[in-house]
1. Please identify, among 135, 44, 198, the residue showing maximal mean-square fluctuation in a Gaussian network model of the chain using a 10 angstrom Cα cutoff.
2. Please state the shape class of the chain: rounded when a/c is under 1.5, otherwise prolate if a/b exceeds b/c and oblate if not, all from the C-alpha gyration tensor.
3. Compute the acute angle (0 to 90°) between the alpha-carbon long axis of helix 238-280 and the principal axis of greatest extent of the alpha-carbon atoms of the chain; round to the nearest 10°.
4. Quick one: the Cα spread of the stretch 85-190 along its three principal axes, in angstroms, biggest first?
5. Find the relative contact order for the stretch 56-280 and round it to a whole percent, using C-alpha pairs within less than 8 Å whose residues are 6+ positions apart.
6. Using DSSP to define loop residues, name the chymotrypsin sites (Phe, Trp or Tyr not before Pro) in the stretch 186-281 whose beta-carbon has at most 16 other beta-carbon atoms within 10 Å.
7. Using only Cα atoms, find the angle between the long axis of helix 8-31 and the longest principal axis of the chain, and express it within 0 to 90 degrees, rounded to the nearest 10.
8. Mind listing which trypsin sites (Lys or Arg not before Pro) in the stretch 72-140 are in a DSSP loop and have 14 or fewer other Cβ atoms within 10 Å?
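Read the figures in this text as sums done on the coordinates, not as results from a lab. Quick caveat, the model's predicted, so the values are computed rather than measured. All Cβ positions, glycine included, derive from the backbone under ideal geometry; neighbour counts span all protein chains shown.
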Amino acid sequence: MGGANRSPFVTGWMWAGFAFLYIPILSLVIFSFNSNKLVTVWAGFSTKWYVALMQNRQILDAAWLSLKVGLANATIAVILGTLVALCLARFGPFRGRALLSGLATAPLVMPEVITGLSLLLLFVAMEQALGWPAGRGVLTIIIAHATFSMAYVAVVVQSRLTGMDPSIEEAAMDLGAKPAKVFFVITLPIIAPALVSGWLLAFTLSLDDLVIASFVSGPGASTLPMVIYSKVRLGLSPEINALATLLVVIVALGVITAGILMAHQERVRQRDIQLAIAGNK
């Protein structure tokens, strides 16, 4: 349905949906510059809460920990999720395919409480039997986050591989290219937008997770959502508004940058296709 044919009713509900989603975020950003300690009473413009945030070692340490966990988790999830997607999209029917597909998608629908509890029990059993991992900390959080993040990456990459024309890879192998070279020279650049999307999704899921991290973390390994939740329970602080505003800005910049890179990649791909068609005429 085109924009000219859209009814006022549909347009009104669309804007109502946008307002429902983004007005609370906008109010949070505005009140992060409030000089009053009461977050709901405006008393003038001030940036003192951003200064106070930069001096809060607990929040800064938690933010740095979450950043490290998110980067490691996203990278591991992309590698493992891509391997799963390749198996499901390229290897055809094989024994255990249904089991692999079920295991890869189970974290998508599994309640976080169940996932966190099962991983905690697994880590405790492994420590008793193998002596590894020694206690709960950053390593167990990364493993736990990668466990469910790779499922999201596998779905994104598999959909891209399924929609990809396999004749391109077959033509390269007919010309003598090895499977590894075909993957790195042809397949990987084509699925790069899906890899970037999967990486950003895995990073965001890790940065946002509270339930699973609460189960598998230990002393001295509190992520940013855990610190924020503990502070909000004691009363909302303007520093939290400032922190949330910075996170919104960072995420928005990341999404915009990823969108620009993906659009550039698509333009390059379309240009190469047009040049190849023109060269064959």
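1. Among 135, 44, 198, the largest GNM mean-square fluctuation belongs to 44.
2. The shape class here is oblate.
3. For 238-280 against the chain, the angle is about 10 degrees.
4. That works out to 53, 26, 26 Å along the principal axes.
5. Here the relative contact order equals 33 percent.
6. Passing sites in the stretch 186-281 do not exist.
7. The angle comes out near 50 degrees.
8. Here the trypsin sites (Lys or Arg not before Pro) that fit, given the DSSP loop and packing criteria, are 95.
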